[in-house]
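Structure, as structure tokens:
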Amino acid sequence: MGWSSANRIFNPIARALQDAHVPAESRRKILGDLIDGLQDGDWDTEDESLEDFLDDPAIVSAFADHGVHLSDRRCCRAALADDPRAQLLSMRSDEVDEAEMVRALDAFVGAPYHERARLLALLAAMTPGAVLAPAPDADEPGWALLFLTIGGQQCTWHISPPDAGLFAHVEHVPAIDPRAQWDGHTTEEKYQRIAAHTAELAQRCEIARNR
């Protein structure tokens, strides 16, 4: 088979499946079988077709299932864009520049903090007296401290600049505001306070159910 003839077979079929909105798993299976058959015919330019479909994780996965990758592994990182942990694992043996590795690490570390921030934004909306103040202990500008009173006791969390927009509903105060003064509690003490208040609320719910 000529060096480009298989690409002229694969690409139109892949496009047709996309245009027909064939489900991702079906695209992966159908095109995987096609890749297998074309490889039996000594298809040696698979990477060119792969390059054309980097925006389709199902097709990228179909190629990966048959051992086809780009030399710089951009295909793996495209397929794993929504899974930072897997993305990092795929990069372990690759030659990647420092900037790209930093971006991947930031995504991996930042994802759980962003999830936490969403929950804290909800908790702040449910907690009277919540305030947000600049964080005096942060090394970088833009960090803030969220102050909540839970069960009559102070609880605080650092909020990163990318998550600040989630707290637009919280009153913003200067660091000198009396409501934004840390009482010295440790992280362990904070969660002990939360656990105690949770237990108290659970007991109230139990009493209400038994009435």
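For this structure, a couple of remarks:
- Leading residue at positive end of dipole, the stretch 105-211 (Cβ point charges), from 142, 210, 170: 210
- Stretch gain in nm, segment residue 192-residue 122, where the contour uses 0.36 nm per residue and the Cα spacing is subtracted: 23.2 nm
- Surrounding net charge for residue 31, when Lys and Arg each add one and Asp and Glu each subtract one, Cβ distance under 10 Å: -1
- For residue 150, net neighbour charge (Lys/Arg +1, Asp/Glu -1) across residues whose Cβ lies under 11 Å away: +1
- Taking every protein chain into account, the 1.4 Å probe leaves residue 189 with about 80 Å² of accessible area, to the nearest ten.
- Here the stretch 9-58 is assigned +1 on the Cβ of each Lys and Arg and -1 on the Cβ of each Asp and Glu. Its dipole about the Cα centre then comes out at about 380 debye.
- Spin-label proximity, residue 16 to the stretch 25-56 - amide N less than 17 Å from point 7 Å beyond Cα toward beta carbon: 26-38
- With the simple spin-label model, which puts each label point 7 Å out from Cα in the Cβ direction, the residue 177 to residue 153 separation comes to 2.4 nm.
- Sites residue 24 and residue 44, calculated FRET efficiency, Cβ-Cβ separation with R0 35 Å, nearest 0.05: 0.85
- Peptide packing: for 123-130, 144-151, the average count of neighbouring Cβ atoms within 10 Å per residue gives the ranking 144-151, 123-130, highest mean first.
- You can think of it this way: the chain between residue 168 and residue 8 has 52.3 nm of extra reach, that is 0.36 nm per residue less the Cα-Cα gap.
- For the stretch 101-211, relative contact order (Cα pairs under 8 Å, six or more residues apart, normalised by length) works out to 24 percent.
The values are calculated or read from the model by the stated rules, or taken from the named source; none is laboratory data. Note that this is a predicted model, so its numbers are computed, not measured. All Cβ positions, glycine included, derive from the backbone under ideal geometry; neighbour counts span all protein chains shown. Areas reflect the complete protein model, heavy atoms only, side chains present, ligands, DNA and RNA absent. Shrake-Rupley method; radii C 1.70, N 1.55, O 1.52, S 1.80 Å.
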